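Notes follow once the structure below has been shown.
The values are calculated or read from the model by the stated rules, or taken from the named source; none is laboratory data. Just so it is clear, the model here is predicted, and its values are computed rather than measured. Please note: Cβ atoms are built from the backbone with ideal geometry, for glycine as well, and neighbour counts cover all protein chains shown. The protein model used for the area step is the full one, side chains on, heavy atoms only, and it has no ligands, DNA or RNA in it. Shrake-Rupley method; radii C 1.70, N 1.55, O 1.52, S 1.80 Å.
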Amino acid sequence: MHRPFDESVRPHPAGDVPEPWYEGGEPDPAKVDPAVLGALLDRHGWRRRGGAAGRYARWTPPGHAAGGASLLVPESRSFPDCEDLLGEALIALARSAAPSAREVLVGLTVPSDEIRWWRDVPQGPSGAAAWTVQEQLRAAARQMLMAAALAARARAGYYGARHRRQAQASLEGVLVGPAPGGRSLTAFVPVQTGRAVVVRLYHALQAAREAADYQRATGGMEAFDAAVEAGVSRELTEAIIALVRSAEGARIALEWSPAAGVPQGCAPRNEPVEFSPGDLPALREAGARYLQDEPSVPVRITGTVVRMRRSGPRGEGSVRLRVLAGAEVPHVRVALDEDSYRTAGHAHLVGLPIRVVGRLESRGGFRRLTDASNVVPVQVDESERDRLMKSLQENLDFFEEACQGE
């Protein structure tokens with residue numbers, strides 16, 4: 001089950017008067033680079049309308065929106081009135097009703113790479129989009145960010161439950177701003193914590209586009225196999241499918257933070273990567289191929305027993321472990337013979353985790369350990385043991401059930 005999109009990406013609250021919805025408050029004029037402000041205004045559709053050459057430029061909002069109020073932006077910080085002009089420009093942006101003004105302020109406050117998604121869907125009354133259309137866009141965007149964050153951790157055709165805690169943590173600073181109409185969405189990924197995610201998404205989208213073109217032209221899937229190294233996975237193909245499904249097409253564009261510059265190996269300016277319903281068969285076939293081909297992984301896991309289950313008072317049973325070390329998953333289920341099951345139960349009763357050797361199965365999302373052996377208790381310090389004992393007392397019914405059989 002997928003968690004709601006909002007857990008990793010915080011939406012901008014709506015309101016008549018713009019508020020500092022972004023972390024860190026309003027940008028400080030003393031720290032704003034005029035060149036960065038100019039680059040952000042240009043990116044978000046503001047138009048340069050002249051000004052004193054070599055001193056300042058006058059910028060107007062896209063389509064003269066929000067009353068057509070213009071900004072005076074100095075060319076550099078070398079003039080005495082530079083900070084005053086920047087302060088006035090920032091105040092005007094904060095008061096502007098233009099959505100692009102908010103996006104410019106976010107880019108100034110938190111240097112961020114921008115990811116923008118568009119879905120080509122029928123317009124509703126007055127250009128609005130149906131509720132379900134916007135939810136589909138948000139869910140697909142979240143899936144795509146998670147796929148990129150997983151690929152930034154490691155390369156795999158299918159991740160399942162692996163690396164998800166770390167990937168989720170890397171997305172906690174992301175901000176999101178929906179565009180009017182519900183057919184597009186922009187994510188602001190802080191450079192400091194998320195640049196690796198955006199760079200991986202950049203390469204993965206290019207590779208997925210090329211692989212889909214190759215498959216449609218030749219019928220071969222070899223390009224999708226090679227694309228795994230670029231970051232393409234079942235999780236990414238599922239995200240693209242979710243973005244394109246029920247739409248006439250979809251586009252994804254990436255823009256680098258002007259404050260941080262262009263990362264190595266990436267183009268300064270990127271055309272949007274486009275996918276259409278005609279790409280769906282290739283993407284579905286690739287996803288199924290990734291799921292089938294990802295091998296099981298030999299592991300030695302240390303974990304605490306959180307649940308035990310068997311059909312009678314004796315014989316083999318299964319345990320659920322909260323993983324402490326040895327695998328990039330939060331929990332696994334392990335089938336154990338009678339002796340190993342008893343060892344696991346005794347270890348938990350005295351407040352100790354266990355160590356077990358086996359193979360983490362790709363089937364089921366890497367949540368099951370097979371061929372389990374060498375089950376032994378692991379010594380821990382007293383504070384950890386006290387915590388485990390408290391956990392046992394809070395879940396005692398499970399273990400009384402396990403000892404008595406079901």
Kirkwood-type radius of region 98-174, with distances r between different C-alpha atoms, in Å: 15.0
q = 0.16, 0.23 Å⁻¹: log10 I(q)/I(0) that the Debye formula gives for region 211-261, counting C-alpha atoms only: -0.65, -1.00
In sequence order, calculated HN-Hα J values of region 75-89 (Karplus, 6.51, -1.76, 1.60; Hz; x Gly/Pro): 6, 7, 8, 7, 9, x, 8, 4, 5, 5, 4, 5, x, 5, 5
Theoretical FRET efficiency, 1/(1+(r/R0)^6), r = Cβ-Cβ of V357 and D42, R0 51 Å, to 0.05: 0.30
Solvent exposure, largest accessible area first (probe 1.4 Å, DNA, RNA and ligands not counted), of Y341, Y56: Y56, Y341
Calculated P(r) of region 72-220 - Cα pairs past 22 Å, %: 56
Computed over region 285-357: relative contact order in percent, which uses C-alpha pairs under 8 Å that are six or more apart: 33
Accessible surface of H163 - all protein chains present, 1.4 Å probe, nearest 10 Å²: 30
Accessible carbon and sulfur surface of region 249-291 relative to its total accessible area, %, 1.4 Å: 50
Taking region 167-238 and dividing mean pair separation by its residue count, relative contact order in percent (alpha carbons under 8 Å, at least six apart): 22
Over region 251-397, relative contact order from alpha-carbon pairs under 8 Å, at least 6 apart, %: 19
Candidate residues E26, E235: accessible-area rank, largest first, probe 1.4 Å: E26, E235
Calculated diffusion of region 170-278, Stokes-Einstein form, Kirkwood radius summed over Cα pairs, 37 °C and 0.692 mPa s, µm²/s: 216
